[in-house]
Amino acid sequence: MRPDGLIAEYGGGTTTMKLNIAVLPGDGVGPEVTREAVRVLRAVAEHCGYDFRFEESPIGGGASVNFGSPFPPQSRERCLASDAVLLGAVGGPQFDTLSAELRPEAGLLALRYCLGCFANLRPAIAYESIADCSPLRRERILGTNIMMVRELLGGLYFSEPRALDAASKSAWNTMRYSEEEIERVARVAFKLAEGRAKKLVSVDKANVLETSRLWRQVVTRVATEFPAVSLEHALVDSFAMNVITNPTRYDVVLTENLFGDILSDETSVIAGSLGMLPSASIGGKVDLYEPIHGSAPDIAGKGIANPIGAIGSAAMLLRYSAKLPVEADCVEAAIEAALKSGMRTADLLPPAERAKASSTEQIGKRIAELTVEALKSRAAHSAV
Ligand code: IPM
Ligand code: MN
């Protein structure tokens with residue numbers, strides 16, 4: 001793993017690390033995948049002697065149905081009082097008839113907003129052992145290691161005015177960005193780039209949108225604070241094509257909220273499955289960790305969902321909230337080792353081979369074991 005410019009120096013395990021983690025399993029496959037992420041975190045805590053506490057709270061469509069809000073006040077208080085939030089997924093067709101305020105997605109957006117985490121990190125790595133899971137040619141994707149930084153609290157998702165207006169038979173949304181909103185997320189991306197390959201591409205639509213022209217100006221200005229990092233600007237339409245044809249060309253990618261939402265689903269194709277991608281939303285009062293995938297209602301409750309996105313998010317929690325980069329590296333190494341050993345959830349197998357798939361729990365347990373093995377071998381190594 002390359003050093004990461006965002007992490008403070010690792011202090012070693014001299015004091016007992018205590019962490020209160022708010023767990024929001026949510027809807028669909030959310031509870032299944034977060035269970036495995038918690039399993040891996042518990043294994044780390046037990047092995048290293050850390051005190052990690054987990055408290056579950058409702059969010060999403062289930063919370064709307066049972067508590068009258070997709071992000072009830074008690075969940076909000078729990079999250080704000082915690083050291084980190086681990087979320088599964090929200091949504092499902094059974095909630096489509098709910099009013100806008102009760103929709104599961106409204107709960108997730110309220111959570112992100114109340115925590116204030118404005119920088120959403122979405123890494124996409126093409127692991128060699130599952131390179132054939134991508135419809136893209138192996139030689140094109142091998143070596144891909146993209147860190148997408150998506151602005152999370154601005155743009156079309158949050159700007160006013162917005163309305164669905166029956167009277168005028170029309171609807172509108174607003175894309176608004178302030179210099180300050182652009183600056184703060186750009187700094188996160190540049191800092192990350194400093195600790196990685198020192199190149200950053202900023203994605204916008206500056207040939208059409210004023211918000212993008214401001215974005216470009218501000219990012220260019222922030223770049224002067226980071227002389228070691230080379231900056232390239234790209235237009236979102238051609239970037240969408242280039243990232244899939246030549247993904248190894250990119251390292252840190254910085255973009256606004258909606259573009260980042262779309263482009264990160266696209267980069268998951270390089271990683272082999274939407275179920276693979278983790279995320280960390282940082283910069284706020286409390287940081288939030290969630291896989292980028294949705295609630296996958298078609299496979300919910302079957303125990304077959306891919307927990308790797310959720311477990312990878314737990315690794316990011318260790319890195320950014322717990323400041324335990326060694327432990328984070330060990331979880332990521334365990335993910336890679338589990339895949340290398342041939343373990344696959346159904347999403348990583350062609351339809352004819354799905355009978356051989358491992359369950360969500362089997363993969364979670366194996367990654368927990370392999371994490372402990374990786375921790376032991378690190379300890380043995382550093383003792384020499
Ligand atoms: C994501 C999701 C969310 C988003 C939805 C569920 C609100 O698609 O995290 O990418 O659009 O941000
Ligand atoms: Mn999305």
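Any read-out appearing in this document is the output of simple, stated calculations on the displayed coordinates, not a laboratory observation. Remember, it's a predicted structure, so these values are computed and weren't measured experimentally. Cβ sites come from the backbone with ideal geometry, for glycine too, and all protein chains shown count toward neighbours.
Highest mobility in the GNM of the chain, judged by mean-square fluctuation with C-alpha springs under 10 Å and restricted to L109, L254, L41, is found for L109. Under the convention that each Lys and Arg Cβ holds +1 and each Asp and Glu Cβ holds -1, the size of the dipole of the stretch 135-271 around its Cα centre is about 420 debye. Ordering I59, I308, F95 by the projection of their Cα atoms onto the charge dipole of the chain, which places +1 on the Cβ of Lys and Arg and -1 on the Cβ of Asp and Glu, puts I308 at the extreme positive end.
Considering only A206, N173, S159, and ranking their Cα positions along the charge dipole of the stretch 135-271 that arises from unit charges at the beta-carbon of Lys, Arg, Asp and Glu, the one farthest toward the positive end is A206. Beta-bridge orientation, the chain: approximately 35 percent antiparallel, per DSSP, counting only bridges with both partners inside.
How would the stretch 166-221 be classified by its alpha-carbon gyration tensor: rounded, prolate or oblate, with rounded meaning a/c under 1.5 and the a/b versus b/c comparison settling the rest? Prolate. Once backbone amide H atoms are built at 1.01 Å from N, S230 has K199, L200 as its partners under 5 Å, excluding neighbours fewer than 5 places away on the same chain.
Selection among S359, G275, L375 by position relative to the dipole of the chain gives L375 as farthest towards the positive end (Cβ unit charges, Cα centre). The stretch 122-165 and the stretch 225-295 have their alpha-carbon centroids 4 Å apart.
Across the stretch 74-89, computed HN-Hα scalar couplings (Karplus, 6.51 cos²θ - 1.76 cosθ + 1.60, θ = phi - 60°) run 5, 5, 4, 4, 4, 5, 5, 8, 8, 8, 6, 10, 10, 10, x, 6 Hz from first to last residue, x flagging Gly and Pro.
Taken about its Cα centre, the chain carries a charge dipole of roughly 500 debye when the Cβ of each Lys and Arg holds +1 and the Cβ of each Asp and Glu holds -1.
When the chain is treated as a Gaussian network with alpha carbon springs shorter than 10 Å, the biggest mean-square fluctuation among L318, L80, L98 belongs to L98.
Taking every DSSP helix (H) stretch of at least 4 residues in the chain, weighting each as -39,500 (n - 2.57) and dividing the sum by the residue count yields a mean residue ellipticity at 222 nm of -13000 deg cm²/dmol.
Each Cα pair under 8 Å and six or more residues apart adds its sequence gap; the mean of these over the residue count of the stretch 135-271 is a relative contact order of 38 percent. In the elastic network of the chain, a GNM with C-alpha springs shorter than 10 Å, the most mobile of E353, E210, E194 is E353.
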